[in-house]
Amino acid sequence: MDPKIRTVAVLGAGIMGNGISQTIAAAGPYLVYMVDVAQAILEQGLESIKKSLGRFTKKGEMTPEESEAIISRITPTTDFEVVQESDLVVEAIPEDLALKIETFQKLNDLCPTHAIMGTNTSSLPITSIAAATERPDMVIGIHFMNPVPVMKGVEVIKGLMTSPETVQATVNFVESIGKIPCLALDYAGFINSRLLSIYINEAVLAVMDGNPPEEVDKGMIHTANMPMGPLKLLDLIGLDVHLKIMDILRNEYGDRFLAAPLTRQMFRAGHLGRKTGRGFYQY
Ligand code: CAA
């Protein structure tokens, strides 16, 4: 199989979808459709891309012309049928298995036969999503990290039925956009979410024990060389996203993934982190 990936459809223009669209368009030869159900989300997504590109141009790592060229390679659209023209799909819609299955059934009906159908899920089973299609060998996990334009690693997750050819083509693609493919098997949470969620949860438990968030974060930055503290990272990921991952992993592995009660309480209060202006910190 030679997928000759040129056109990529990214489904979802939220924080992950717009970061993925930007990153793929920035790599050069690719044309990107950034697809979402609402025009307003597409506009917000495009704004985020411009803001992120602005950081690179401000630092002199990119010229304004290069930034314009990247934007010109991204076509925002509400027309799902553009997947018919795509060699690769990266789905980054909300983490809801029923919604993903419905979306992959539509992809199954519309995508060209050579197209790889990827999902950016952080914790849902690739094998279940693949099993809902008639070509499970072409379905794979392509899990980008937030903030996508700066994070190097991308998890490539092989479902039970994903073919070696699909894995290889995906690895090649990830390398072609300047990222580092990290292979993981399709067990809940793969590698990143499985390890990171326990670490973050323990940080919230430490806060419940009475440790100030600033001290927990400072401790992990300076005693373990983490790039940012776990609570600031939780605010970046979003408490809602983290809680969902914890619940999925608890269902799979048991109570070692029991979410700290404070996370749930803050979630109920709507203190979801950066996106709502308040989490463990104020923004
Ligand atoms: N676009 C472009 N550039 C960006 C950016 C963006 N969205 N966000 C940050 N940057 C750049 C900044 O411009 C800055 O560049 P210079 O160093 O060249 O000046 C650099 O990244 C660092 O940014 P800041 O100085 O603002 O802040 P920082 O030093 O704290 O770095 C960080 C920010 C890169 C996010 C770093 O703290 C980090 O690596 N944190 C860990 C992030 C992480 O673990 N992500 C994975 C989360 S898990 C996940 O995403 C999976 C899931 O499914 C839940």
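The values are calculated or read from the model by the stated rules, or taken from the named source; none is laboratory data. The structure presented is a predicted model; accordingly, all values stated were derived computationally and were not measured. Cβ coordinates were reconstructed from backbone atoms using ideal geometry, including for glycine residues, and neighbour counts include every protein chain displayed. To get the accessible areas, we keep the full protein, side chains included, count just its heavy atoms, and leave off ligands, DNA and RNA. Shrake-Rupley method; radii C 1.70, N 1.55, O 1.52, S 1.80 Å.
Tabulated values for the structure
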{"item": "Matching residues, the stretch 133-147, being outside any helix (DSSP H, G or I) and either surrounded by 19 or more Cβ atoms within 10 Å (Cβ to Cβ) or outside the structural domain of SER21 (by TED's automatic domain parsing) (or both)", "result": "THR133, VAL139, ILE140, GLY141, ILE142, HIS143, PHE144, MET145"}
{"item": "Any chance ALA260 is among the small types (Gly, Ala, Ser), over 20 Å from ASP217 (Cα atoms) and either open to solvent by less than 40 Å² (accessible area, probe 1.4 Å) or out of contact with any Asp or Glu (no Cβ under 9 Å at 6 or more places or on another chain) (or both)", "result": "no"}
{"item": "So GLN105, is it in a helix (DSSP H, G or I), touching a residue at least 24 places away in the same chain (Cβ under 8 Å) and farther than 29 Å from ARG194 by Cα", "result": "no"}
{"item": "Residue list for the stretch 246-257, restricted to those being open to solvent by less than 50 Å² (accessible area, probe 1.4 Å) and in a helix (DSSP H, G or I)", "result": "MET246, ILE248, LEU249, PHE257"}
{"item": "Conditions (1) more than 11 Å from the ligand (Cβ to nearest atom); (2) over 30 Å from PRO29 (Cα atoms); (3) buried (at least 19 other Cβ atoms within 10 Å of the Cβ); number of the one not met by GLN265", "result": "(3)"}
{"item": "ALA130 within 15 Å of the ligand (Cβ to nearest atom), without any contact (Cβ under 8 Å) to a residue 40 or more places away in the chain and either not in a strand (DSSP E or B) or not assigned by TED's automatic domain parsing to the domain that holds TYR253 (or both)", "result": "no"}
{"item": "Every residue from the stretch 193-245 that is open to solvent by 60 Å² or more (accessible area, probe 1.4 Å), within 12 Å of the ligand (Cβ to nearest atom) and outside any helix (DSSP H, G or I)", "result": "ASN225, MET226, PRO227"}
{"item": "Of all residues in the stretch 78-94 being open to solvent by 40 Å² or more (accessible area, probe 1.4 Å) and not polar (S, T, N, Q), the one that is farthest from VAL139 (Cα to Cα)", "result": "ASP79"}
{"item": "Residue in the stretch 154-169 that is more than 22 Å from LEU243 (Cβ to Cβ), touching a helix residue (DSSP H, G or I) at 6+ places or on another chain (Cβ under 6 Å) and within 13 Å of the ligand (Cβ to nearest atom) present", "result": "yes"}
{"item": "All positions within the stretch 16-41 that are open to solvent by 10 Å² or more (accessible area, probe 1.4 Å), closer than 22 Å to GLU61 by Cα and touching a helix residue (DSSP H, G or I) at 6+ places or on another chain (Cβ under 7 Å)", "result": "ASN18, ALA26, ALA27, TYR30"}
{"item": "Residue in the stretch 96-106 that is within 27 Å of ILE237 (Cβ to Cβ), within 16 Å of the ligand (Cβ to nearest atom) and surrounded by fewer than 17 Cβ atoms within 10 Å (Cβ to Cβ) present", "result": "yes"}
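Residues are listed down the side, and each one gets a yes or a no for (1) open to solvent by 10 Å² or more (accessible area, probe 1.4 Å); (2) part of a helix (DSSP H, G or I); (3) within 16 Å of the ligand (Cβ to nearest atom); (4) among the polar types (S, T, N, Q):
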site	(1), (2), (3), (4)
GLU43	yes, yes, no, no
GLY54	yes, yes, yes, no
GLU65	yes, yes, no, no
ALA69	yes, yes, no, no
PRO76	yes, no, no, no
HIS114	yes, no, no, no
SER123	no, no, yes, yes
